[in-house]
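The next block holds one structure in the form of structure tokens; read it before the comments.
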Amino acid sequence: MAAPKDIRPKIVLRSTGGTGVSYITTKNAQAHRVQGVTLMAKKSKIARNKQRAVMVERYAERRAELKRASVNPHLSADERASAMSALHSLPRDASPVRVRNRDAHDGRPRGFLRVAGISRVAFREAAHRGELPGITKSSW
């Protein structure tokens with residue numbers, strides 16, 4: 001017996017070599033041009049990151065105090081070990097390294113530029129529109 005034929009259309013997103021234009025193609029159909037489509041990060045990921053930032057703020061003073069105590073050479077080894085175990089017992093999300101830098105516009109986690117607070121993609125688009133003073137497109 002032959003396998004059932006998949007009749008669903010195949011959708012493929014293709015980029016055209018840095019021109020900023022992507023094509024969405026379907027099987028047995030023409031390519032549809034999509035210009036300026038902005039994809040956004042999952043809202044749950046953005047919300048989780050905000051919760052982590054709040055948690056870091058809440059525990060910042062306590063973490064700093066425990067970290068100082070854990071490396072203080074004037075304390076005994078038992079006191080430093082107890083400070084280290086107390087530090088390890090804090091929630092994982094209280095650590096600042098778990099907060100991810102995200103684009104302010106769409107929450108993109110990769111290609112983040114600290115200077116602007118946005119991703120490289122949003123930076124490039126804003127620069128082309130002339131929204132960033134002093135930023136010009138380079139040419140040589």
Only one of SER85, SER70 is among the hydroxyl-bearing types (Ser, Thr, Tyr) and surrounded by fewer than 17 Cβ atoms within 10 Å (Cβ to Cβ). Can you tell me which?
SER85
By residue number, the members of region 91-117 that are hydrophobic (A, V, I, L, M, F, W, C) and part of a helix (DSSP H, G or I) are ALA94, VAL97
When every residue in region 72-125 that is of a type in the set (A, V, I, L, M, F, W, C) and touching a strand residue (DSSP E or B) at 6+ places or on another chain (Cβ under 8 Å) is compared, the one farthest from GLU57 (Cα to Cα) is PHE123
Which ones in region 88-100 are exposed (fewer than 13 other Cβ atoms within 10 Å of the Cβ) and either touching a Leu at 6+ places or on another chain (Cβ under 9 Å) or of a type in the set (A, V, I, L, M) (or both)?
VAL97
Does GLU79 satisfy being surrounded by 13 or more Cβ atoms within 10 Å (Cβ to Cβ), within 25 Å of the chain's Cα centre (by Cα) and assigned to a helix (DSSP H, G or I)?
no
Residue check, LYS50 against (1) more than 13 Å from the chain's Cα centre (by Cα); (2) not in a loop (DSSP other than H, G, I, E, B), all met but one. Which one?
(1)
Filter region 46-67 for residues that are exposed (fewer than 13 other Cβ atoms within 10 Å of the Cβ) and touching a residue at least 40 places away in the same chain (Cβ under 8 Å) and give the result.
GLN51
With the requirement that a residue be touching a helix residue (DSSP H, G or I) at 6+ places or on another chain (Cβ under 6 Å) and among the basic types (Lys, Arg), what does region 64-89 give you?
ARG80
Flag for ARG108 being in contact with a Leu (Cβ under 9 Å, 6 or more places away or on another chain), closer than 19 Å to ILE46 by Cβ and touching a residue at least 12 places away in the same chain (Cβ under 8 Å):
yes
Considering only residues of region 111-140 that are of a type outside the set (A, V, I, L, M) and within 21 Å of ALA47 (Cα to Cα), which is surrounded by the most Cβ atoms within 10 Å (Cβ to Cβ)?
SER119
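Rule-based calculations on the coordinates, nothing more; no lab input. As the structure is a computational prediction, the values presented were derived from the model and not from experiment. So basically every Cβ, Gly included, is an ideal-geometry build from the backbone, and we count neighbours across all protein chains shown.
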